[in-house]
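The values are calculated or read from the model by the stated rules, or taken from the named source; none is laboratory data. Everything numeric in this text was worked out from a predicted model, so none of it was measured. Using ideal geometry, Cβ is built from the backbone for each residue, glycine included, and neighbour counts are taken over all protein chains shown. Protein only, heavy atoms only, side chains kept; ligands, DNA and RNA dropped before computing areas. Shrake-Rupley method; radii C 1.70, N 1.55, O 1.52, S 1.80 Å.
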Amino acid sequence: MKRKLETQITLNTLIDSFSNEIKTLSKVNAYECYQCGKCTAGCSVGDFLEETPNQMMRLIQLNLRDEALNSKTPFLCATCNTCTARCPMDIDIAKVMETIRILSEKEKKKNVKEVSKFSKIFLDSIKNHGRLFELGLTARFNIENKTPFKDSELAPSLIFKGKLSLLPQKIKNRKRIKKIFDNSINEKKGVE
Amino acid sequence: MNYGYFPGCSLHSTAREFNISTKAVCSSLKINFTEVEDWICCGATPAHTTNHDLGLALPYSNLQLAAQQGFDTLVAPCAACYNRLKVSDFEIRKSDEKKNRIHEITEDKTEADISILHLIEFFKNDFGIEEIKSAVKNPLVGLRVASYYGCLLVRPNEIVNFDDEENPTSMDEIVSAIGADALDWSHKTECCGAAHAIPKTEIVLQLCKKLLQAAENSSADCIAVACPLCHANLDMRQNQINKTFGTKFNTPILYITQLMGLALGYGANDLSLQSHFVDPIKLLTRKNLIPQLEKMNREN
């Protein structure tokens, strides 16, 4: 259900703190957006959003950081890039969504817990094996999400058809993948 | 050209028929790809939505591996891997600062000056549509195919730019070359919901219902795809879609390489056609498009 954005314009909304932060992290100047709504018109997941893509851009223009970081929109974004492709101002809106999502996750704001959990388990899987172990990913997600039987009707066929291996495929040089994870996540300047 | 092959995780599991059919087609067309040794996952959506640098470093590390193994071109059949490899290459070529940072992360100074092609891009631009046409032994006459490109093959067009971002045609050209009818339809580049399949299944079911409806409206016999995620969402979840919305879709979803394989004379088993959830064999048998004897002939 779309939400009507109502906010009081205070002095804070006039100080460009959040829009500058977004500009540094994603190279996007939110003030280039003139609210035409084309991003929202083409958004694949538009039916499922409370704040639409152009409303998210508006939150940045008004420097409403908490509202943006607490929005579910960046987590429901399917990263299909339709908004970016169609923006008449060539604004990379998908990149903005990604950036807000990363900030929100880092500051442990309210988000869509299933999406966030899925990403964590996915990354753990490749960190451990170098490649994705799909059966392990689905099983762990279902246990942690407390939906043990979700999609269980698909599993026997998948295994029978040889499409789901029962053991992970491991790469030889596992140090390589561990280095990549440690260095990108722990480095002070690199974490965006 | 020294072509490296980057299958990605899905082609070794849920999309194994994409790998099998790609190999069959390449063998028939005498195309030589060598799989990059010890490749790692490209990180897909979870990596770039968790940490920008991680999302760039994982694919880049594969480009470095490919360069070390002597490849100058990397071909990826999976649209998601292809997209991540291209984005990483683009961002790193654009900024020296980013390149240094990613070299620091991979602890490897290898310069990965490699061109990255999607399999369809390779067929269209490097191999040639006419060459495919002249190799066809079993034209798929009368098969109405809706080519579904999805997001990652065509967007963002600044980075993945072998086709039009709103009305791509490269897969349709292949479909026509193998004798089938390429349908003009409305949902070529709509999103299937991709990685939301597990955490937000309801989104995927809704989006895929619209896609299947659009294909049905254009009276497609089947949908051709070139992305393991699109395939899984449309094929594996078609029954869930029917249960949720009371629809009666029964639309086979085939990898473009499976259709090419049929046209090149391979049989159902050679292309692993039996591994889909929505059975394409009935449709293809009804249309008399499965070359039963070819396999035996080849073996003799």
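Computed values, structure above
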item: Number of positions in the range A:84-102 that are more than 10 Å from every other protein chain (Cβ to nearest Cβ) and not in a loop (DSSP other than H, G, I, E, B); result: 3
item: Residues of the range B:83-130 classified as of a type in the set (D, E, K, R) and under 22 Å from B:I31 (Cα atoms), total; result: 4
item: Given (1) open to solvent by less than 20 Å² (accessible area, probe 1.4 Å); (2) β-branched (V, I, T); (3) out of contact with any Lys or Arg (no Cβ under 6 Å at 6 or more places or on another chain), number of the condition B:I241 does not satisfy; result: (3)
item: Subset of the range B:24-41 [within 9 Å of another protein chain (Cβ to nearest Cβ) and either in contact with a Cys (Cβ under 8 Å, 6 or more places away or on another chain) or closer than 12 Å to B:I105 by Cβ (or both)]; result: B:C41
item: B:D72, sole failed condition from (1) away from chain A (no Cβ under 14 Å); (2) at pLDDT below 95; result: (2)
item: Qualifying positions in the range A:126-161 - more than 9 Å from chain B (Cβ to nearest Cβ) and assigned to a loop (DSSP other than H, G, I, E, B); result: A:K146, A:T147, A:P148, A:F149
item: Which listed residue, of A:T138, A:T82, is more than 23 Å from B:Y60 (Cβ to Cβ), surrounded by 19 or more Cβ atoms within 10 Å (Cβ to Cβ), outside the structural domain of A:N29 (by TED's automatic domain parsing) and β-branched (V, I, T); result: A:T138
item: Near pairs, Cβ below 6 angstrom, 6+ apart or cross-chain, from the range A:18-30 (assigned to a loop (DSSP other than H, G, I, E, B)) to any residue that is surrounded by fewer than 23 Cβ atoms within 10 Å (Cβ to Cβ); result: A:V28/A:I91; A:V28/A:D92; A:N29/A:K23
